[in-house]
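Presented below is the structure to which this report refers.
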Amino acid sequence: MQNSGAAAAPPQQQPQQQQQNQWPSILTSKPIFSTLFTLRDPKPNNKPTLLLYTFLAISLLSITFIFSLSTSSSSSSGPHSGPDPFLFPAHHAHNHRIIYDSNKANPPPPSIAYLISGSRADSARILRLLHATFHPLNQYLLHLDPSASHADRERVALTVQSNPIFKAAQNVHVMGKPDFAYQKGSSPVSLALHAASILIRLNLKWDWFVCLSADAYPLVTQDDLLHIMSFLPKEMNFVNHSSYIGWKESRRLRPIIVDPGLYLAEGTEMFYATQKRDLPSAFRVFTGSSFSILTRSFMEFCILGADNLPRLLLMYFANTPSSLSNYFPSVLCNSRQFNRTVINQNLLYAIYDDRHISDPRPLNSSDFDDMVRSGAAFARKLQPDDPVLDLIDEKLLGRSPGSVVPGGWCLGEPGNSTCLTWGDASILRPGSGSQRLEKAIVKLLSNGTFRSHQCV
């Protein structure tokens, strides 16, 4: 477990560091050098002493050589090359190593960076969502906004720190200083950019960025998702978008608001100005969904700001209601660098109706069959502890309560201890979820118009 600040060194590396700290005393040991100098000019009347020094020198050099071999081999071994030595010292001591013959025909699996965020009383939902989406190749950043209690924040941190799987993988982080995120304001955009910058600083080896709120849940395993995504170009951005504004012009674009989450330490009501503004003419406004799957290169484009477009649009949408559903589609479609990388599908199952225009209606067990047939990778909006969550765990994910979803990297006995023995994290075992997702993406790509013509 790591906060956004300084991270503690993993426990399994401490013995190695202590061993490395002993090297100077071994290499500069006085008897070795005095022995070598004695050998250069031996006295004829000290043959027993010379033999003794020679024997000691050879012995010490042999020990030093053995230490160097053990140190280099331990430092070069990967964290997931077999049963984790920190979790299972007995397995490591008896040299229970497993040799894998990976399928060279399949491309290497990608990595996904997840932001899992929640609010008051969402600690249990965040932890359940973490277990349902966990994979050693991914990166995770957990966030509870300031409205959550100290007990909830402490529960999340202690659970991550005490879980042997999360502790060994070292890919689950908890944001130390939380951000306010008003869903109707622009602060969710600030949170997404802040989280992406933290994940980029922690690890650059991820390919897509996904923001999951506490009311979302996966419909496929991570092995299913990573398997399908490994065959897709890594420059694809999955974003629902449209240049047709319609009713959103009067409700989301022309009103002027002030989001208190950007400047106040405590939550207050949203401030609406009496004036309204015209639509911009310097760029086109696109609207879409607050959920999207974005590439790391695009997130770096928004954060680093080498082009002024992301900053320009950020300043415009800072005073616009529901900025998250407008900001990323507008940046993508107004950028010549990325407007040909947009897929008009976000792989999310959600239901909007006349009563739920701006926010999807809650899902329940009666929607389960439609969720499965949709081929979507995620779904929202799901209520806390709704029976449909247990149904998804049982029928789609194969997850037992309190455990992570088993994948190709899990080699233990069936049950809660399945993933306590590790294999190669790059070995994927996709199931029926990958077939549903593949069918949905093939249908999306086969119509010849999968790239957004609205952006171009």
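The values are calculated or read from the model by the stated rules, or taken from the named source; none is laboratory data. Predicted model only: the values in this text are computed from it and were never measured. For neighbour counting, all protein chains shown are included, and Cβ atoms are generated from backbone atoms with ideal geometry for every residue, glycine included.
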Looking across segment 347-379 at residues that are of a type in the set (Ser, Thr, Tyr) and outside any loop (DSSP other than H, G, I, E, B), the single one that is farthest from residue 133 (Cα to Cα) is 366
Out of (1) over 14 Å from the mean Cα position of the chain (by Cα); (2) under 22 Å from residue 159 (Cα atoms), the one residue 211 does not meet is (1)
Does at least one position in segment 287-296 carry a residue that is of a type in the set (S, T, N, Q) and without any contact (Cβ under 8 Å) to a residue 40 or more places away in the chain? no
Only one of 217, 182, 140 is aromatic (Phe, Trp, Tyr) and within 11 Å of the chain's Cα centre (by Cα), namely 140
- Task: For residue 322, state whether it is buried (at least 19 other Cβ atoms within 10 Å of the Cβ), in the same structural domain as residue 220 (by TED's automatic domain parsing) and small (Gly, Ala, Ser).
- Result: yes
If we keep only residues of segment 359-372 that are of a type outside the set (A, V, I, L, M, F, W, C) and in contact with a Lys or Arg (Cβ under 8 Å, 6 or more places away or on another chain), then the residue surrounded by the most Cβ atoms within 10 Å (Cβ to Cβ) is 360
Filter pass, residue 231 being in the same structural domain as residue 441 (by TED's automatic domain parsing) and not in a strand (DSSP E or B): yes
If we ask which residues in segment 241-264 are surrounded by fewer than 21 Cβ atoms within 10 Å (Cβ to Cβ) and either at pLDDT 90 or above or in a strand (DSSP E or B) (or both), their number turns out to be 5
Of the residues that make up segment 331-339, is at least one part of a helix (DSSP H, G or I), exposed (fewer than 14 other Cβ atoms within 10 Å of the Cβ) and assigned by TED's automatic domain parsing to the domain that holds residue 436? no
| task | Scan segment 273-281 and give yes if some residue there is among the acidic types (Asp, Glu), part of a loop (DSSP other than H, G, I, E, B) and over 21 Å from residue 242 (Cα atoms), otherwise no. | result | no
Considering residues that are at positive phi and at pLDDT 95 or above, the number found within segment 402-456 is 0
